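The numbers here are math on the coordinates, done by the rules we state, and not lab data. None of the values given here were measured: they were computed from a predicted structure. When we count neighbours, we look across all protein chains shown, and the Cβ atoms used for this are built from the backbone with ideal geometry, even at glycine.
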Amino acid sequence: MIEPPFHCDYGSNIVVGERFYANAGCVFLDCASVTIGDRVKLGPLVQLLAVSHPLDRSVRATGLEYGEPISIGDDAWLGGGAIVLPGVTIGEGAVVGAGSVVTRDVEPETVVAGNPARPLRPSVEEP
């Protein structure tokens with residue numbers, strides 16, 4: 001289920017698993033693959049940005065852009081307004097706090113938050 005509005009670059013580079021849910025206003029810039037597992041939940045205004053540009057301004061001025069894949073594992077939850085940058089993998093069962101900017105991989109079963117997102121604790125409660 002994807003709540004409108006939804007925006008993407010191509011749509012053909014997006015693969016989603018079963019029982020996926022994206023709340024309103026999500027953006028997927030899919031010039032590279034965006035792979036989303038089963039039972040993943042995205043809050044409103046989540047951005048999955050698989051596109052980037054060169055840091056060198058003379059190269060950037062040529063219009064060059066490039067993509068790096070994004071992967072989100074089964075049962076992950078990304079809170080509203082979270083932004084995932086190119087090349088990031090979010091592990092199974094991970095939770096990304098609302099408004100976080102995810103600049104590097106997130107281990108499975110981990111809660112991350114902040115800008116840049118940092119690990120806070122496991123997402124699975126100890127018995």
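A few points about this structure:
- Distant-in-sequence amide contacts of R118, defined by a placed amide H-H separation under 5 Å and a gap of 5 or more residues or a different chain, comprise A113.
- Peptides 36-49, 57-70 ranked from most to least packed, by the mean per-residue count of other Cβ atoms within 10 Å: 36-49, 57-70.
- Residue-by-residue Karplus 3J(HN,Hα) for the range 79-86, coefficients 6.51, -1.76, 1.60, Hz, glycine and proline x: x, x, x, 5, 10, 10, 8, x
- Using the average count of surrounding beta-carbon atoms within 10 Å as a protection proxy, the listed peptides 114-122, 21-29 rank, highest first, as 21-29, 114-122.
- Karplus-derived 3J(HN,Hα), 6.51/-1.76/1.60, for each residue of the range 110-117, Hz, glycine and proline x: 10, 9, 10, 7, x, 9, x, 4
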